[in-house]
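Have a look at the structure below, then the notes.
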């Protein structure tokens, strides 16, 4: 019981919004004038829903700067760098609440950290990994990413903890403010992206020793013939019987890079006022738990997606059912659309991988070519990689825009929903679920099948 009480006090301490506000002040972030008075009033009546401040209270009252940057009463604006929070066009969040910061460097650094968990990063990261590095690893990254993100988003709607109260926290971002706070899905995503590759290497390579590697050990540790391609590419280790295990991969450098990557993103969510310290820690630990549980079956899932005859039908049905279930957990928020978007992307990638395999266009190297060695980085290799990324991302963006223009009016027409106000229409489950699922499912399919076929046709594969 004593241990439970200590853990409860520790959790309450880590969830305290004052800790978030203290970190923001340490980084030079300040709220509008009159923030201290508003904080005292908030302490009396309690925080508003989901940590969002009443918009009218900040728009010109209590010494808050008006739209032209002047303060009522004649006082001049403070000599600080002012910004406005990034807002979401789907929500009614008021993005007029200004804040000021004394450090532009920290603002841009943590803004970059936040973007590493947003859609813009994904539409660059996953294509680059699949088209230029290793399609085998890219497929597995997306499989585990879909699962951890789905479970993370559902956990938010089940736990229903609000965002840190504002005031005292200054909201530097209101894009995801309608979502709940616990756990931090940015922390979950970062562990998958930055840590999964290192986790995979440690998990599998830890079974190997200098000298010969027994085939039974490889099988017992989950390393299939297709898995060996990625291991040989990633760390230049030969894992076939009869070959020496030669360490050339800078494992420590990779671990340090992954740690810094995760640390930047986690700190950025506290800096932006979106999460408490407890949210970030819980998200990180939750992701580790999911990885430990799901990692042993990732190979089985990928093999099923590639080889089973009716895999596309099962994949589409399962992901659609999971999306419908997530839409029933709570009222509308950006969490529901993001969940459908992730499930659609995962279904599209899995179906594209299946079509590749059935048509003999598998991007994985054959086992007889192992062990692989990394080619030297030349101007030609680098130029082709960048060209593939540019052309491919343009195709994906055009696909997304075209499908968005087609699916929203079609869904509104099918379900007899007025589409005069697109924002309100997109908040309806009958529109948002098919729009997100079909649009991003098509993008995922293009990522794995259409774009690689285009590369083969123009000689960039």
Hey, any hits in segment 407-417 for a residue that's exposed (fewer than 12 other Cβ atoms within 10 Å of the Cβ), modelled with pLDDT of 85 or more, under 26 Å from the mean Cα position of the chain (by Cα) and closer than 26 Å to residue 121 by Cα? no
In segment 1-27, which residues are in contact with a strand residue (DSSP E or B) (Cβ under 9 Å, 6 or more places away or on another chain) and at pLDDT below 80? none
Criterion first (within 30 Å of residue 183 (Cα to Cα), modelled with pLDDT of 75 or more and surrounded by 21 or more Cβ atoms within 10 Å (Cβ to Cβ)) does residue 270 satisfy it? yes
Selection from segment 1-31 of residues over 13 Å from residue 279 (Cβ atoms) and not in a helix (DSSP H, G or I) yields 1, 27, 28, 29, 30, 31
Across segment 413-447, what is the number of residues that are farther than 21 Å from residue 338 by Cβ, part of a helix (DSSP H, G or I) and in contact with a helix residue (DSSP H, G or I) (Cβ under 7 Å, 6 or more places away or on another chain)? 0
Please specify each residue of segment 274-296 satisfying the condition of being more than 18 Å from residue 261 (Cα to Cα) and exposed (fewer than 15 other Cβ atoms within 10 Å of the Cβ). 289, 292, 293, 296
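The values are calculated or read from the model by the stated rules, or taken from the named source; none is laboratory data. Note that the structure is predicted; figures quoted are calculated from it, not measured. As a convention, Cβ positions derive from the backbone with ideal geometry for all residues, glycine included, and neighbour counts pool all protein chains shown.
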